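Q: Here you go, one structure.
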Amino acid sequence: MGKSKGSVDGVQSDVKVVEMRTIWKSSVYDVLLRVLAFLLTLTATIIVGVDKETKIISYSELQFKVTAKWEYMSAIVFFLVSNAIGCSYAAISMVISTIARTNGNKTTLLIITVLDLIIMALLFSANGAGAAVGVLGQKGNSHVQWMKVCNIFDAYCRHTTVALVLSIIGSSIFLLIVVHSVFKLHYYRSN
């Protein structure tokens, strides 16, 4: 931490008290952001994980029962797994970063910041993959004869879109966590 003026009769100096308040506030912001990231990625994971829609499609005189599920498209599997990883990481890192900030362990905070950055990149990558598949589902691709499917599986597509929006917000929260951590590491280093 920073230099303190010493203590008189066992009373901490003003500088030390101000530093402890700053660390406590920093910890509160960090925990709040991590809780928000946890809730958003958990909700996105659950929405996609339970999303399923079955329709009966008629073609000529034949009828087909067709189901849309997250397991059928590798980009959506990547999206679900990435959000599950982000959710798990947010819960674990919440505890570890709080302990590290309280103890002033700069090395652990640096490692957590690097892992935050990796999780953020993973989530943004999964969001891009999910969005690309979503656009194909909405519009199709006439050049390769891929039909749009969201006009048939409208509820499935709506749920996946909501999960995508929540995950993008969660990814942005991880970005805020990284920025916050970088500023705090700079603060710790300069003191």
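Q: Is it the case that region 72-94 has a residue that's part of a helix (DSSP H, G or I), out of contact with any helix residue (DSSP H, G or I) (no Cβ under 7 Å at 6 or more places or on another chain) and within 21 Å of residue 32 (Cα to Cα)? Don't jump to the end; show me each part of the working.
A: Residues of region 72-94 part of a helix (DSSP H, G or I): 72, 74-94.
Pick out the ones that are also out of contact with any helix residue (DSSP H, G or I) (no Cβ under 7 Å at 6 or more places or on another chain) and you get 72, 74, 81, 88, 92.
Right, trim to within 21 Å of residue 32 (Cα to Cα) and you get 88, 92.
Yes: region 72-94 contains one or more residues that are part of a helix (DSSP H, G or I), out of contact with any helix residue (DSSP H, G or I) (no Cβ under 7 Å at 6 or more places or on another chain) and within 21 Å of residue 32 (Cα to Cα).
Q: If we keep just the residues of region 98-113 that are part of a helix (DSSP H, G or I) and touching a residue at least 24 places away in the same chain (Cβ under 8 Å), which is surrounded by the fewest Cβ atoms within 10 Å (Cβ to Cβ)?
A: Going through the qualifying residues, I end up with 102.
Q: Regarding region 150-173, can at least one residue be identified that is under 25 Å from residue 34 (Cβ atoms) and touching a Lys or Arg at 6+ places or on another chain (Cβ under 9 Å)?
A: yes
Q: Turning to a different aspect of this structure: Return the pairs, sorted by first residue and then second, in which the second residue is assigned to a loop (DSSP other than H, G, I, E, B) and buried (at least 18 other Cβ atoms within 10 Å of the Cβ), the first residue lies in region 36-61 and is touching a residue at least 40 places away in the same chain (Cβ under 8 Å), the beta carbons are less than 8 Å apart, and the residues are 6+ apart or on different chains.
A: Qualifying pairs under 8 Å: 53/153; 55/153.
Q: May I pose another question? Here is a check on your reading of the model: is residue 82 farther than 29 Å from residue 153 by Cβ, hydroxyl-bearing (Ser, Thr, Tyr), touching a residue at least 40 places away in the same chain (Cβ under 8 Å) and surrounded by 15 or more Cβ atoms within 10 Å (Cβ to Cβ)? Break it down stepwise before answering.
A: Working: farther than 29 Å from residue 153 by Cβ: no; hydroxyl-bearing (Ser, Thr, Tyr): yes; touching a residue at least 40 places away in the same chain (Cβ under 8 Å): yes; surrounded by 15 or more Cβ atoms within 10 Å (Cβ to Cβ): yes.
No: the conditions fail for residue 82.
Q: Looking at region 157-175, which of its residues are over 9 Å from the mean Cα position of the chain (by Cα), of a type in the set (S, T, N, Q) and buried (at least 18 other Cβ atoms within 10 Å of the Cβ)?
A: 160
Quick note: the coordinates plus some simple rules give every number you see, no bench work behind them. These numbers were taken from a predicted model, which means no experiment stands behind them. We place every Cβ from the backbone using ideal geometry, glycine too, and count neighbours over all the protein chains shown.
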